[in-house]
1. I want to confirm something. Restricting to the stretch 163-180 and keeping residues that are under 13 Å from the mean Cα position of the chain (by Cα) and either free of Cβ contacts under 8 Å to residues at least 40 places away in the same chain or in a loop (DSSP other than H, G, I, E, B) (or both), which single residue is surrounded by the most Cβ atoms within 10 Å (Cβ to Cβ)?
2. For Ile134, state whether it is at pLDDT 90 or above and buried (at least 18 other Cβ atoms within 10 Å of the Cβ).
3. Being of a type in the set (Lys, Arg), modelled with pLDDT of 80 or more and out of contact with any strand residue (DSSP E or B) (no Cβ under 9 Å at 6 or more places or on another chain) narrows it down to one of Lys72, Lys34, Lys48, Lys68, so name that one.
4. Select from the stretch 89-123 the residues that are surrounded by 18 or more Cβ atoms within 10 Å (Cβ to Cβ), modelled with pLDDT of 90 or more and of a type outside the set (A, V, I, L, M, F, W, C) and list them in ascending order.
5. Name every residue in the stretch 26-41 that is over 16 Å from Pro56 (Cα atoms) and of a type outside the set (Phe, Trp, Tyr), in order of residue number.
6. I'm trying to understand the selection: among the residues of the stretch 222-252, which are touching a strand residue (DSSP E or B) at 6+ places or on another chain (Cβ under 6 Å) and not hydrophobic (A, V, I, L, M, F, W, C)?
7. I'd like the full set of residues that are closer than 25 Å to Tyr183 by Cα and not in a helix (DSSP H, G or I), limited to the stretch 8-34.
8. What are the residues in the stretch 221-247 that are in contact with a Gly (Cβ under 9 Å, 6 or more places away or on another chain) and not hydrophobic (A, V, I, L, M, F, W, C), if any?
Amino acid sequence: MTTALGRALRRARNRENLTQQALADKLTKAVGSKVFPSYICNWENDDKGPPDKYIPYIEEILGPITKKATRKEKDAEIIEHETSDFGVWMRNTREEKGLSRYELAQQTGLAVPTIYFIESGRVTNPQDATKEKIYKVLGKQPPEQHVTKRKHPTYNGKNVHGFNPMDRSDWPPKGSSGVYVLYDKTHHPVYVGESIHIGIRLGEHKDYEQKEFDKWFDATAVYGSYIEVADEKARIELEWVMIRFLKDSLLFNIKYTEPEEDED
């Protein structure tokens, strides 16, 4: 069964007069890894459509395809996100400067999906280092209301920050200790972890058991959030409470950690 997203992809490709080979070549250049024409064929005709990590690159080449698909049919399995004030300001400022998402990504050193996630509202509170990179390229900072209007979750006075787990340059900065959560494309948490160095821990996820972890890290862990917690005991307790509270939602905590018996 072809999804609405797959049909939207085919229509957009035909509108741009691109063959599947031509689109695959453009995606290969944008993504930095080989994309075969057979991928395009499968995305247009199977029951899933393109993986989430490719959508920002596809839309950079073909224009929007996700909104058109989700408004007409629900089988695209893509949800609409509430765009943040910061995301709106960032998109408008980028367009005023005549920059594409790809160009902004190139100039900031961030990945295209990171720009996409912020503008679309998946990440509503980017970490400070990411914001500074964006401000430097855009040449200004947003008005105060665009960064303070929405109240972000806090823990012991610390803000929850979003990041793109597929973009190492957007990971929590070196020395960030705390608890982090990885989510799938439907906003469901799939993994909770804690570390004295979150960035290093994410790298271990990426490199450890390479074949198995790449399969879920790249395809399932679409975005993440973290909160800084310096105290080791507090980190472990917070992680444990979250795992116990979320239970079966955390598919990869269940798969990759040994279960512990309840105390009597």
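The values are calculated or read from the model by the stated rules, or taken from the named source; none is laboratory data. Being a predicted model, the structure only gives us computed values, none of them experimental. Here the Cβ positions follow ideal geometry from the backbone for every residue, glycine too, while neighbour counts run over all protein chains shown.
1. Asn164
2. Numbers: at pLDDT 90 or above: yes; buried (at least 18 other Cβ atoms within 10 Å of the Cβ): yes.
In short, yes.
3. Working: Lys72 fails: modelled with pLDDT of 80 or more; Lys48 fails: modelled with pLDDT of 80 or more; Lys68 fails: modelled with pLDDT of 80 or more.
Of Lys72, Lys34, Lys48, Lys68, the one residue that is of a type in the set (Lys, Arg), modelled with pLDDT of 80 or more and out of contact with any strand residue (DSSP E or B) (no Cβ under 9 Å at 6 or more places or on another chain) is Lys34.
4. Thr93, Arg94, Thr108
5. Selection gives Lys34, Pro37, Ser38, Cys41.
6. Passing the criteria: Tyr223, Gly224, Ser225, Tyr226, Glu228, Arg235, Glu239, Ser249.
7. Gly32, Ser33
8. Correct list: Tyr223, Gly224, Ser225, Tyr226, Glu228, Arg235, Glu239.
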